[in-house]
Amino acid sequence: MVVAASVVVAVGTVTGMIKALDDGRTAQAARPDATGATLLVPLPDVPSVSNSPSVKASSSARPTKSGPTATARAPHRTAAAAPRLYRHPESQVLDWVRAHPDDPRTEVIASRIADRPAAVWFADFTPSTITSRVRAVTSGAAAQDRVPVVVPYAIPDRDCGGASEGGADDFAAYDAWIDAFAAGLGSGEVVVILEPDSIAQADCLSEAQRADRFRALARAGRVLKAADPKARVYYDAGHSDWNPAGQQAALLRQAGAASAESSDGVFSNVSNFHATSAEIAYDRQVLDALGGPAGLGAVIDTSRNGNGAPADGQWCDPAGRRIGRAPTLDTGEARIDGYLWVKLPGESDGCRGAAGTFTASYAYDLAR
């Protein structure tokens with residue numbers, strides 16, 4: 001039986017911890033999901049004290065039945081000095097911290113969430129401003145010699161008509177939007193989380209619709225990497241309790257994720273709660289099944305997975321969760337390129353507050 005698990009976004013300029021740069025709207029997402037996978041790597045999923053923030057929400061869930069087995073491969077891309085991730089200066093949590101200096105929760109929220117780098121979501125379809133808004137983020141990061149994480153989220157039929165529905169009207173419009181998005185990347189390092197849920201959730205589409213979507217995703221990866229050769233583009237692998245690794249890899253291949261021309265690998269656990277150890281094992285399985293260049297890797301959303309996923313499959317602001325490992329591009333794990341906060345802790349999935357809005361009580365519960 002499948003439990004829904006995908007992205008829920010209140011459409012806005014940017015989603016997650018980061019706010020849009022021109023119209024102030026925020027996009028949000030709440031991602032559901034079900035059971036926990038077997039923990040195969042004995043590492044504690046606890047937050048670190050390094051400088052890292054958080055991100056947006058996604059919602060749609062779907063469990064898989066298989067428990068991943070870790071498959072080691074030759075270590076992947078180890079840098080002598082790991083680049084630092086970028087914390088964008090605009091976010092709901094930063095607004096709250098600035099407005100509540102005397103709140104007894106402020107110190108915890110500021111130090112464990114607001115001070116950490118997080119992804120910037122672009123979830124509204126605004127072709128006329130997308131280049132300038134992306135450029136504002138990437139140029140801000142370049143000025144600090146840091147690496148931004150950006151999330152293009154405008155695929156047609158987004159979220160299959162669910163809570164995060166929206167996106168471009170058709171694929172011609174989407175292709176043009178991606179071209180404009182790529183024009184804002186600049187020439188520095190940037191991590192691109194390409195269209196959360198677009199592949200794992202594709203079973204809601206007809207065969208022809210899937211083919212159109214996968215063609216657009218493959219093209220998007222090529223365009224983004226051609227525009228900025230230092231861009232790292234990652235494709236949607238769902239999470240460890242959604243599709244089995246072999247099935248997900250087959251879908252990813254159709255979307256261009258096995259080609260070095262368009263892809264640097266996969267991402268998993270966006271806006272979800274599965275333990276880092278389970279995601280590491282699952283992502284390695286997906287990469288093994290995917291094939292492609294040996295350098296393909298994976299990034300994992302660790303923003304709210306410090307206690308793993310709830311046993312009952314609750315996905316909407318479930319109680320008892322904690323922030324996870326701090327964002328970093330130096331994981332020390334073979335084929336795992338980064339732990340990222342793609343969903344901002346404290347931005348509600350829709351139960352503790354309106355979907356996509358920052359809720360201080362929820363953030364404090366996650367951070368303390």
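So the values come out like this:
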{"item": "Dipole magnitude (debye, nearest 20) for the stretch 96-229, charges at Cβ of Lys, Arg, Asp, Glu", "result": "420"}
{"item": "Separation between Cα centres of the stretch 306-358 and the stretch 138-188, rounded to whole Å", "result": "21"}
{"item": "Solvent-accessible area of CYS204 with every protein chain in place, 1.4 Å probe, in Å² to the nearest 10", "result": "60"}
{"item": "Accessible surface, the stretch 321-368, averaged per residue in Å² (probe 1.4 Å)", "result": "27"}
{"item": "Residues in the stretch 201-232 that a label on GLU261 would reach, taking backbone N under 17 Å of a point 7 Å out along Cα→Cβ", "result": "214-229"}
{"item": "Unit charges on C-beta of K, R, D, E only; dipole of the stretch 130-206, Debye", "result": "460"}
{"item": "Spin-label model distance (nm) - ASP102 vs GLU207, 7 Å beyond Cα toward Cβ", "result": "6.7"}
{"item": "Carbon plus sulfur fraction of accessible area for the stretch 207-355, probe 1.4 Å, in percent", "result": "47"}
{"item": "Extension gain (nm, one decimal) between ASP288 and SER132, 0.36 nm per residue minus Cα-Cα", "result": "52.4 nm"}
{"item": "Heavy-atom accessible area ranking, 1.4 Å probe, most first, across ARG210, ARG304", "result": "ARG210, ARG304"}
{"item": "Length gained when the stretch ALA143-ASP330 is fully extended (0.36 nm per residue, less Cα-Cα span)", "result": "65.2 nm"}
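The values are calculated or read from the model by the stated rules, or taken from the named source; none is laboratory data. All of these numbers come straight from a predicted model, not from anything done at the bench. In this analysis, Cβ positions are derived from the backbone assuming ideal geometry, glycine residues included, and neighbour counts consider all displayed protein chains. When the accessible area is computed, the model is the full protein with side chains, heavy atoms only, and any ligands, DNA or RNA have been set aside. Shrake-Rupley method; radii C 1.70, N 1.55, O 1.52, S 1.80 Å.
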